[in-house]
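Taken together, the values in this text are just the output of simple stated rules run on the coordinates, not laboratory data. Everything quoted here is computed from the prediction, not taken from an experiment. Neighbour counts run over all protein chains shown; Cβ positions are idealised from the backbone, glycine included.
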Amino acid sequence: MEPIIEFQNLRVEYPGADRRTAVKVAVDGLNLAIQPGEVFGFLGPNGAGKTSTMNVLLGFVPPTGGMARLFGNDVSLPISRQRIGYLPEMTYYYKFLSAEELLRFYGKIFGIPSAVLEKRIDDVLKLVEMQDARKKLIKTYSKGMQQRVGLAQALINNPDLLILDEPTSGLDPVGRMKVREIIQRLKHEGKTVFFSSHELGEVETVCDRVGIMHQGKLRVEGKVADLVQEHGLNLEHIFLKMIGYQHSLAA
C-alpha cells in the first residue's frame, strides 16, 4: 500500500537572526513512512523537530531539502491536504459560539452541503461525547471539553488522516482518557492518526508504532513491544536513552 505520509531525507532549517547567527537545523534527514490505518506516536523533547515536521505536512513551513508527501502528493500541492484534519496544541476558537455553531462554520469553509453537514455535526459530536453540550457557549467549557470540540472540528470534513499536536496537553486524567478513547475509535474506523505527545503512557496504549526525535533526527522507530524487547527497557527508559539522559536512566 502507498504510505499516507512519507518523508525522504526531510530537512528543515530556520535562518539566524542576522549574519553572525548560525542557521538552526530543526529537522535533519528524516526518513519515515506512515501506512493507512496506523496510529503513529511522534515523540521527543521540546525542540526535537516534531512541530516543524508537522508544519511541513500542513504547508505552514516549506522543506529546506528532501521530500514530504501526503497521499502520494507533494506537500507543496494544495490537493495533498484536502483529506486531513488538524488539531493544534493550543486551540483558539470563537468562544461566543456554541459547539454546533463552530462546527457549522468550519463545515461551510469545507463546502459541505447543508443537508450532509447537519448529519456530520451530529456524528462528530456523538463521537467526542459532546451531544449534551452542543448548544452551550464554548466559553463555558472546561479545557477537556474544548479539546474534544477541537477534535470534532478536525473531523468535520471526515478526513482520512488526523494530525494532532499534543492532543492531551493540559488535560486532567479523565480528559486524557477521553481523548485516548476517541483516538481508539478513530483507529477502529480505519483512520490514520499521526500525533505528537509527551504522555508516554497513552502512547503505549493507542499507538501501532512510535518514533523518537532528538535534535532534529529520528533516533528510533518501531512497534513499542519490539523496541522494548530490542532494548530491554520500557518506553520511558528508551526515550531517556535516545535523548541522552543517562543520569536519570541510571537512577
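When you restrict to C-alpha pairs under 8 Å that are six or more residues apart and normalise by the size of the chain, the relative contact order lands at 25 percent.
If you average 1/r across every pair of different Cα atoms in the chain and take the reciprocal, what Kirkwood value do you get, in Å? Display every interim value, and only then the final one.
Details: mean 1/r = 0.0523 Å⁻¹.
About 19.1 Å, per the Kirkwood formula over Cα pairs.
The Cβ shell under 15 Å around Phe71 holds other residues with a net charge of -1, Lys and Arg each +1, Asp and Glu each -1. Within the stretch 116-213, the GluC sites (Glu not before Pro) that combine a DSSP coil assignment with at most 16 other C-beta atoms in a 10 angstrom radius are Glu129, Glu189. For the stretch 120-161, trypsin sites (Lys or Arg not before Pro) meeting the loop criterion (DSSP other than H, G, I, E, B) and having at most 12 other Cβ atoms within 10 Å: Lys135.
Given their separation in residues at 0.36 nm each and the Cα-Cα distance between them, Glu236 and Ala22 gain 73.8 nm when the chain is fully extended.
Normalised by residue count, the stretch 1-148 yields a Cα convex hull volume of 160 Å³ per residue. The Cα-based radius of gyration of the stretch 140-251, divided by its Kirkwood radius, gives an Rg/Rh of 1.01. The mean sequence distance of close C-alpha pairs (under 8 Å, at least 6 residues apart), as a share of the length of the stretch 40-147, puts its relative contact order at 20 percent. Compare Ala17, Ala133, Ala152 in a GNM of the chain, Cα atoms joined below 10 Å, and give the one with the largest fluctuation. Looking only at Ala17, Ala133, Ala152, the largest GNM fluctuation is found for Ala17. Put one equal scatterer on each alpha carbon of the stretch 50-114, apply the Debye formula with no solvent term, and list log10 I(q)/I(0) at q = 0.12, 0.26 1/Å to two decimals. Reported log10 I(q)/I(0), two decimals: -0.42, -1.13. Exceedance of the 24 Å cut-off in Cα-Cα distance is limited, within the set Lys187/Lys241; Lys95/Lys135; Lys24/Lys223; Lys108/Lys187, to Lys187/Lys241; Lys24/Lys223; Lys108/Lys187.
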